[in-house]
Amino acid sequence: AVQYDKVQAQEKWQAFWEEDETFRPLDDGSRERRYVLDMFPYPSGDLHMGHAEAYAMGDVVSRYWRLRGFDVMHPIGWDSFGLPAENAAIKADAHPATWTYNNIETQVRSFKRYGLSLDWSRRLHTSDEEYYRWTQWLFNRFYERGLAYRKDSFVNWCPTDQTVLANEQVIDGRCERCKSEVTKRKLNQWYFKITDYAQQLLDDMPLLEDGWPDHVLAMQRNWIGRSEGAHVDFTVEGREQPITVFTTRPDTLFGATFMVVAPDGELAQELVTGEQRPAFEAYLEQVKKTTEIQRQSTENEKTGVWLGVHATNPVNGELVPIWAADYVLADYGTGAIMAVPAHDQRDLDFARKFGLPVRTVLDVDGTNPEETGVATVGDGAYLNSGILDGLTDKASGVARIVERLESEGKGTGTVQFRLRDWLLSRQRFWGCPIPVVHCETCGEVPVPDDQLPVRLPDLRGSALAPKGTSPLASATDWVNTTCPTCGGAAKRDTDTMDTFVDSSWYFFRYCSPGYAEGPFNPDDVARWMPVAQYVGGVEHAILHLLYMRFFSKVLRDLGLVSFDEPMLRLLNQGQVINEGKAMSKSLGNGVDLGKQIDEFGVDAVRLTMIFAGPPEDDIDWAEVSPGSSLKFLQRAYRLAADVASQPGVDYSQGDAQLRKATHKAIIEITQLLDGGRFNVAVARTMELVNATRKTIDSGAGGADPAVREAVEFVAQALSVVSPYVAEEMWELLGQPPSVANSTWPTADPALTLDDTVTMVVQIQGKIRGKLEVPADITEEDALAAALADEAVQRSLAGREVVKVIARLPKMLSLVPGK
Ligand code: ANZ
Ligand code: ZN
């Protein structure tokens, strides 16, 4: 049988697209612009099955929109700073750039072979000087606005990687990468003040509700974690400043029987009495070994120490002891709480363990928390609560107590966010240097824009090995510099930026690659953005997507962009798993993308990815069949080989049934692709292939114009998934290259109407009319159609119909009155 040669087709069309610059947008305003963005890859080795799936999805959208007549921009680049390159460099006694750029070249070749409709002219790498120069320039803008600052804080520290870890890089108390137990360290670190944008990040979410998956928005909302409540001031004997607590239940203030502060915060250090200090210090050591997750778990056994001091409850003047306990976190709220054991389970567990008083101030369900050990929460009737007694709901209680506290200057209503500032310092080499010098005279001085980039020094091999400080610190010549302000001796900041900084603005740079006056040309961004479709893994649902939204808002406030949200639609593809489990070395269930492609070809692998199920679902490679995909593609190809008419033939002369199938398929596949239901679109294409084959074999033959019409559409529909075979088909059909440059057809609705039959209308037993009606017509519609017919009207001559006898759809008999 006739077959397409997959390897030859791959090489031929890759070369054609490259030469033709098929996928370079016109950007001349002749077509509506659409920006399709794939999350850019990290260059760790070659592309794998996960990449193959994600990029296949993005390519369906990109190719489909091109065929629909949009001017599509579909760029690619590399997120090329990061730890793996550094670790590889230490092992190989080489420079991280070597590993990085070698891997990039490998991935470039694989991307090209994979047939993606990418505009290669926009390619960027975040580790290139001309890219990170602008990352530093952006840092300077953040710094000027007070959005980049340094502070001392305890950070998660990986003793093996010798680096700070973000909270999300700590999984079950262990380093995400090397699985070592994470400890805490106090360091002076750079932060971005994302908390300034917490409310806006929430407020703009409705703009994303139509285009983003609900669960991603929910995760972001949770992460931002907005709580309404109050700050309440408790005075402390012998201390000028009161201690302010954050509470979501100021209405339970009469039930506050002790206070708790975070053991690792400054307040605890300051409050603890000499007598209690030894116990406190011992406790603090223990706390440092506990992870944030453990600390926040309600299951965690309560621990703590009394600090030796008391505070005064502002509403009833009672003295309450101040404790330090690890269930209070230093960096949430004020790092201090009023404990209301009757109505907060953690406080109750703590009170019961340490014998502290429990006072019920809300009757929620008649139970007594002191007896049951279960705190009661929610609305209830206030008891023992002074001005609140008599009220029965939380909203009124909160309003009244806040009003009272505010009038007495003892508190204020407030909103608190769980979101923390973004810790961006990394004590690693292979990242974007923080463009700041430290001068003894001038302090912290940002490197002026015209002196950017601050280039990485040339360190390699063992010079990069972790020492607990940034490897950059060992590059003495680099560290010692002059102060841009006073010209005196100064030292460079030796931290590099979290790579999430690099990936927070790459999609802007794609709009004007090579732009030398700024990170991007605002005019180009205005033309192309917001991104019409973003595609990438759900593992980025929180951090990357929140950070890039934050960056966009800052850029907007800088006047560089004019929109609030940079990405209108988001698709999170599922994972490729094997035998029901994530692929892993230890399970030995990995599937090699290169081998799959060698065996079945790019087209079949891509088709398998798309056809396996809805884009969001995981694909179990053990349950799909790339071999069957290839067989199907060969079947489709043979249709093109069988077409015996010339391009431009008059389709209207073709087989009516096949034409109907084709036009129905056009309508449905268009809707399915618009709706992101790619797998169903493939299934419909398969049906059309079968119908076409049947028409050819049942006598109409390959010369029937309807066959050409069907096969042309099959080639177009297939081209968004399996582009090589589609190009081969298009060529066989005698069409000019390439199918990627063709135009998506419009269906003729008249051809898709359902079957009609001839309905006979009788009046007093005589045939008076014949009407073409749908085969499934209702009696009501049949009568209406009959009464609208001229011959029937003439015959009735104004008489009323008193009886209808229907044998639908063939016959309708009317009996007129006198
Ligand atoms: C008194 C109280 C009484 C509380 C009551 C709750 C129930 P969300 O909703 O997550 O914002 N809290 C405040 N700061 C804390 C910190 N740094 N570490 C641990 N817990 C902290 O939680 C706010 C509530 O969590 C606050 O309201 C406070 O306990 C506690 F019946 O104050 B509440
Ligand atoms: Zn200076």
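The values are calculated or read from the model by the stated rules, or taken from the named source; none is laboratory data. Computed from a predicted model, the values in this text were never measured in an experiment. Cβ placement follows ideal geometry from the backbone for every residue including glycine, while neighbour counts extend to all protein chains displayed. Accessible surface areas use protein heavy atoms only, side chains included; no ligands, DNA or RNA. Shrake-Rupley method; radii C 1.70, N 1.55, O 1.52, S 1.80 Å.
Assorted remarks:
- Candidates in region 1-26 are the residues that are out of contact with any strand residue (DSSP E or B) (no Cβ under 8 Å at 6 or more places or on another chain) and part of a loop (DSSP other than H, G, I, E, B); of these, the one that is nearest to W730 (Cα to Cα) is Y4.
- Only residues that are without any contact (Cβ under 8 Å) to a residue 24 or more places away in the chain and open to solvent by less than 50 Å² (accessible area, probe 1.4 Å) were counted across region 151-174, and they come to 2.
- For region 253-262, the condition of being under 24 Å from R150 (Cβ atoms) and open to solvent by 60 Å² or more (accessible area, probe 1.4 Å) holds for none of the residues.
- G675 fulfils the conditions (1) within 36 Å of the chain's Cα centre (by Cα); (2) open to solvent by less than 50 Å² (accessible area, probe 1.4 Å) except for a single criterion, (2).
- Residue within region 728-738 that is within 30 Å of A604 (Cα to Cα) and of a type in the set (D, E) present: yes
- Where strands (runs of 3 or more DSSP E) fall wholly inside region 152-267, no range has 3 or more residues that are among the acidic types (D, E) and closer than 29 Å to H438 by Cα.
- Every pair of residues 6+ apart whose Cβ atoms lie under 7 Å, when the first sits in region 205-218 and is on the phi < 0 side of the Ramachandran plot while the second is surrounded by fewer than 12 Cβ atoms within 10 Å (Cβ to Cβ) and part of a loop (DSSP other than H, G, I, E, B): L217/E209
- Residues in region 57-112 that are open to solvent by less than 20 Å² (accessible area, probe 1.4 Å), outside any helix (DSSP H, G or I) and under 30 Å from P745 (Cα atoms): D71, V72, M73, H74, P75, I76.
- Residues being basic (K, R) and surrounded by fewer than 17 Cβ atoms within 10 Å (Cβ to Cβ) - total across region 632-645: 1
- Filtered residues of region 761-796 (kept if modelled with pLDDT of 90 or more and of a type in the set (G, A, S)): G769, A782, A784, A785, A786, A788, A791, S795
- Qualifying residue in region 417-429 (condition: more than 16 Å from ligand 2 (Cβ to nearest atom), among the small types (G, A, S) and not in a loop (DSSP other than H, G, I, E, B)): yes
- Residue in region 137-147 that is modelled with pLDDT of 85 or more, surrounded by fewer than 20 Cβ atoms within 10 Å (Cβ to Cβ) and at positive phi present: yes
- Neighbours by Cβ (under 6 Å, 6+ apart or cross-chain): first from region 291-305, more than 20 Å from V182 (Cα to Cα); second part of a loop (DSSP other than H, G, I, E, B): G304/A325
- Selection of region 438-475 for residues being out of contact with any helix residue (DSSP H, G or I) (no Cβ under 7 Å at 6 or more places or on another chain), more than 18 Å from H95 (Cα to Cα) and more than 16 Å from ligand 2 (Cβ to nearest atom) yields D450, G468, T469.
- Residues satisfying the stated conditions in region 405-455, i.e. within 16 Å of ligand 1 (Cβ to nearest atom) and more than 14 Å from Y191 (Cα to Cα): L405, K410, G411, T412, G413, T414, V415, Q416, F417, R418
- Y283 vs. criteria of a type in the set (F, W, Y) and either near ligand 1 (Cβ under 9 Å from one of its atoms) or crowded, with 22+ Cβ neighbours inside 10 Å (or both): no
- Test: T126 is buried (at least 18 other Cβ atoms within 10 Å of the Cβ), modelled with pLDDT of 95 or more and over 24 Å from the mean Cα position of the chain (by Cα): no
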